Amino acid sequence: MRGLAQAEWLRFRKRRILLLIVVAVPLLAGFLFLAGYVSTGYVLPPFDPEGVRARIIAEGYLVDVPPDEAEAIIVETIESERVYYEQALEEATITRARYAFPQSILTLLGNSPVVFIALVLVTGLSIGDEFGWATVRTSLLASSHRRLLLLVRFVALALVAVIMLALIVLLGAILPALLTVAGASLPSPPAIDTGALLALLLAQLLVAILVIAFAALATLLSRSGSLTLASVLVYVLVETAVLGLLMRLEAFQQDGVYAWLLDALPIRGIFALMDVVARAASQLPSYAGEVMVRDLSAARVPFVALLLWAGLFATLAFRRFSRMDIVE
């Protein structure tokens, strides 16, 4: 086992493209974080009631209106715009607070889909190239334990996922400080729920394992890493079509008897799980006046379903690798 792990490390270290992906993905997530902050860079000026009054008068709509009525209309318009301004200011504050620590960690983890896409590529390259370069037979000659060989590869890929998620969390702590040093004015955000944050990281790790298992199965079936990403895209289209058909049935619509089963589908389950856990971890509403729901019970169905899907894909991948003819 130790020898296989050392060989896997040497094999991975020599693949510079894989190392580049591991480093580039957190950097891409950080770039998306900074780009998101820049898009919120416009700060609303202080509300100017006299400016609103002057604008209303300059528009000329109240020329023929009696002075008393005109003043009432002006006061009502000013108060209406004041309410709108306060709502816009509150929503802008909520948006900017997402880029302040510790909310920044959740914001960066929201870019985790790039991690999952990268894991598809890394899995396809690390397994598929063994067939393309005709080195899989050499590996099997060194160790005839196929299941153990694939298990070591799975563990290595899971460690890659952990490293990328850890780097993203680290960036979530560093980037707000850099923004502050650069002169950014960030509001003080509320604290996050530590338990829900750990649940979010666990959920993302589960999704990463699911993605690795599916990508490994697709690669072993096609014997090609280049077809792995295409297989994922095809599956996404198939599930989307199935989901659309099921949602036409009354039993699967909102509040339907079997509506909860939709969260058992892999792609739908991933989004449902991430949404529930991320909302539970954050103390920030999505918009001003939103009723915050931090109940994690809605995450049970997608979590258990994704766990079962990951186990199924991994079992099929091990079965395929242990029985396939190696001619390369």
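Since every read-out is calculated from the coordinates, none of them should be taken as a lab result. Here the structure is a predicted model, which means the values were calculated and not measured. Please note: Cβ atoms are built from the backbone with ideal geometry, for glycine as well, and neighbour counts cover all protein chains shown.
Some points to look at:
- Between 211, 114, 277, the GNM of the chain built on Cα springs shorter than 10 angstrom shows 114 fluctuating the most.
- Shown for the chain are the DSSP H helices of 24 Å or more along their axis, judged by Cα atoms, with a mean Kyte-Doolittle hydropathy of at least 0.0: 16-39, 113-132, 146-181, 194-222, 228-246, 300-323.
- Comparing mean-square fluctuations of 155, 22, 169 from a GNM of the chain with C-alpha springs under 10 Å, the top value falls on 155.
- Calculated mean projected area of the Cα convex hull in nm² (choose from (1) 24.3; (2) 19.3; (3) 23.4), label: (3)
- Gain in span if fully extended, residue 184 to residue 250, counting 0.36 nm per residue against the direct Cα distance: 18.8 nm
- Check: region 26-107 dipole with +1 on Lys, Arg Cβ and -1 on Asp, Glu Cβ, in debye: 840
- The charge dipole of region 230-321, taken about the Cα centre with unit charges on the Cβ atoms of Lys, Arg (+1) and Asp, Glu (-1), comes to about 380 debye, rounded to the nearest 20.
- Across the options 21, 216, 161, the greatest Cα extent toward the positive end of the charge dipole of the chain (unit charges at beta carbon of Lys, Arg, Asp, Glu) belongs to 216.
- For the pair residue 260 and residue 173, the difference between a 0.36 nm per residue extended length and the Cα-Cα distance amounts to 27.7 nm.
- For the chain, modelled as a GNM whose springs connect Cα atoms under 10 angstrom apart, the maximal fluctuation among 214, 116, 31 occurs at 31.
- Full-stretch length increase - residue 147, residue 70 - with 0.36 nm per residue and alpha-carbon distance subtracted: 19.4 nm
- Take the Cα of residue 23, step 7 Å toward its Cβ, do the same at residue 319, and the gap between the two points is 4.1 nm.
- Charge context of residue 57, other residues only, Cβ under 11 angstrom, K/R +1, D/E -1: -1
- Cβ charges +1 (Lys, Arg) and -1 (Asp, Glu), total dipole of the chain, debye: 3200
- Positive dipole terminus of region 42-97, leading residue within 73, 85, 57 (C-beta point charges): 85
- Mean sequence separation of contacting Cα pairs (under 8 Å, at least six apart), scaled by the length of the chain, corresponds to a relative contact order of 24 percent.
- Cα gyration tensor, region 42-97 - rounded (a/c under 1.5), prolate or oblate: prolate
- Over the chain: helical MRE at 222 nm, DSSP H runs n ≥ 4 each giving -39500 (n - 2.57), nearest 500: -25000 deg cm²/dmol
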